[in-house]
Amino acid sequence: MTDIEIPLGKRTKLYRFFEILPGAISIGAIALLIILSFLSPLAASLYILFLVLLTFVRAITTAYRTIQGRLAMQKTVSIDWKTRLDDLSHPKTALKKYANLTNAEIKRNYKLRDHIARLHNLANSDGYPKPRQILNVVMVALYNEKYEVLGPTFKNLSEMDYDIKKNLVVFVAYEQRGGQAALDTVAEIKKHWTGVFRDLVFVEHPTGLPDEVIGKGPNLTYAGPKVSEWVRQHHIDSKNVIITTLDSDNKPDRQYFSYLTYKWIIAPNRQQCSFQPICLFNNNLWDVPAPMRVVALSNSFWNVVSSMRPGTLKNFASHSQGLYPLEQMNFWSKRTIVEDGHQYWRSYFFFDGDYEVVPLRMGIGQDAVLSSTYRRTLKAQFIQMRRWAYGASDDAYIATHLLSKDYRGSKLDGWWRFFQSLEGHISLACMAPIVGFGAFAPLYINPMAAHTSILVNDLPLIVSRVQQIAVIGLVVTVIASLSMLPPRPKRYKKSKNILMILQWVFMPINAIVYSSASAYVAQWRLMTGHYMDKFDVTEKAVKKDTDPKKQGKK
């Protein structure tokens with residue numbers, strides 16, 4: 001079995017090489033454009049044209065996947081998953097219920113044909129867990145967030161279309177470093193939500209434990225053995241326990257645990273899977289400034305698109321995984337601030353590549369970035385994007401594990417996934433500035449080239465035409481964004497609906513200021529060895545209907 005821990009202290013030369021690689025290529029992509037513009041403007045123009053066409057194809061593909069993903073989500077939430085989950089308890093009885101349905105009726109009912117086929121398989125098998133045997137454990141991470149943030153999360157959990165009194169346990173993993181603010185929130189949670197679930201357990205993560213970064217991963221990992229202890233005390237098989245991690249502002253769809261449990265039971269390799277819902281940053285979308293809405297919706301769209309590509313799907317933010325494999329791998333990493341994405345690679349190498357992420361095409365609502373002032377909100381958004389971009393730190397982890405003699409999985413599959421990861425981090429950094437401004441580089445850097453090459457002279461016009469066609473993708477994005485909006489709060493007039501369309505003028509600016517710049521900062525820190533070892537918690541503010549003019553920090 002491969003050692004899955006991130007190295008502590010000084011890295012080996014090989015590890016440092018792969019830490020430097022993403023930033024070096026990202027910077028090199030810009031440098032190459034400048035150098036080619038001096039030496040061969042025609043080559044520079046061909047280089048830009050290739051990247052622009054690549055971006056164009058991706059934009060159209062993303063638009064298609066967005067539509068496909070939204071339709072899949074709508075169909076998924078239209079199913080009564082609690083009923084289908086109950087069917088798994090008594091498959092023979094359930095089959096009688098569907099016996100008189102015609103093929104046309106089955107075809108109209110989304111995925112019913114697959115459900116009936118599974119019931120036939122389960123009716124002849126006793127080797128699967130029954131729904132009543134499955135325990136769902138929710139781990140809510142808390143730093144110093146106020147109860148105004150946590151309260152709606154617990155209200156949401158209390159309204160699940162699932163037997164929360166028998167099959168749902170909530171662990172609140174809170175930080176000692178959160179001080180009195182964390183203790184006050186814990187007291188409020190105890191006061192309002194004790195007795196609502198099968199159990200409500202609180203675990204305080206001490207400050208200053210060795211070999212830990214300051215972040216969510218160590219907090220969850222410290223609470224993990226407490227979950228195992230609770231399960232043993234209640235004589236529950238850890239192979240029948242599902243762990244779902246939530247941030248303090250997360251709100252799963254009311255059918256989430258019925259749907260998750262159903263997918264868990266039918267998964268043949270459930271102990272070597274994780275289950276990834278679609279994280280939608282739409283809880284407070286009407287309240288945040290326009291640039292933040294564009295960032296939030298863009299990230300939501302990306303998660304929708306990712307759900308339609310299971311072969312490349314990774315863990316992000318909230319996800320679910322079995323307690324049994326988590327115990328084997330000592331839960332989450334304590335040495336990275338991006339424990340969610342890293343958990344994919346940690347699991348991948350623990351199981352020597354025999355591991356997958358199962359898409360759950362159902363949403364978990366999260367807050368878009370909103371701080372106490374406009375300026376603080378802009379800054380907080382950049383910090384959040386920089387933290388996400390620090391996922392480039394996984395590239396060195398992946399490559400060195402693939403080169404390790406202890407790894408027994410498919411090298412071909414592993415390297416393919418490495419290059420996908422590397423390319424994604426490079427594109428995040430350099431594509432927006434190159435596509436946005438690169439067409440003018442050969443002309444401005446080498447003005448004489450306009451007289452020697454038609455392509456160099458006409459490149460800005462060609463790129464402009466391609467970008468105009470790509471606006472089709474933006475139109476699809478705008479339409480999809482309207483379908484993803486939560487109900488408009490009463491404090492806002494109908495006229496704000498227009499702003500939800502006009503806000504997309506910020507998209508090119510956001511791509512450079514947030515996506516590209518934050519990626520370069522994160523990759524530069526990796527290159528120079530100034531590692532990010534502290535999870536910068538995103539400050540949260542809440543707006544209330546009772547005070548439409550003022551925003552209070554919560």
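Just a few scattered comments:
- Percent of C-alpha pairs per 10 Å bin in segment 129-369, short distances first: 7, 33, 40, 18, 2, 0.
- Counting only lysines at least 8 places from residue 10 when in the same chain, those with an alpha carbon closer than 20 Å to its own are 334, 534.
- Within straight-line cross-link reach of residue 405, lysines at Cα separation under 19 Å, skipping those fewer than 8 residues along the same chain: 13
- The relative contact order of segment 312-457, computed from alpha carbon pairs under 8 Å that lie at least 6 residues apart in sequence, is 19 percent.
- Residue 479-residue 509 FRET efficiency (beta carbon distance; Förster radius 22 Å; 0.05 resolution): 0.55
- Label point distance in nm, residue 32-residue 372, each placed 7 Å from Cα along Cα→Cβ: 4.7 nm
- Long-range tail of P(r) for segment 80-122 (Cα pairs > 16 Å, %): 27 percent
- Label-to-label distance, residue 89 versus residue 226, with points set 7 angstrom from Cα along the beta-carbon direction: 3.1 nm.
- Ranked by the mean number of other Cβ atoms within 10 Å per residue, highest first, peptides 492-505, 170-183 order as 170-183, 492-505.
- In plain terms, the residue of 412, 220 with the fewest other Cβ atoms within 10 Å comes first and the most crowded comes last, giving 412, 220.
- Of the beta bridges in the chain, as assigned by DSSP with both residues counted there, near 25 percent are antiparallel.
- Other residues lying with their Cβ under 9 Å from the Cβ of residue 345 contribute a combined charge of +2, Lys and Arg counting +1, Asp and Glu -1.
- The local environment of residue 380, defined by Cβ-Cβ distances under 10 Å, has a net charge of +2 under the rule Lys, Arg +1 and Asp, Glu -1.
- Fraction of antiparallel bridges per DSSP, segment 129-369 only, in percent to nearest 5: 20 percent
- Across segment 1-95, the convex hull enclosing all Cα atoms gives 245 Å³ per residue.
- Acute angle (nearest 10 degrees) that the helix 454-483 long axis makes with the longest principal axis of the chain, alpha-carbon atoms: 20 degrees
- Sum of -39500 (n - 2.57) over DSSP H runs of 4+, divided by residues of the chain (222 nm, nearest 500): -18000 deg cm²/dmol
- Separation of the residue 176 and residue 457 label points, Cα + 7 Å toward Cβ, nm: 7.3 nm
- In the chain, the alpha-carbon atoms span a convex hull of 175 Å³ per residue.
Here, each number is a calculation from the coordinates, and none is a lab measurement. Everything numeric here is computed off the predicted structure, so don't read it as measured data. Backbone-built Cβ (ideal geometry, glycine too); neighbour counts: all protein chains shown.
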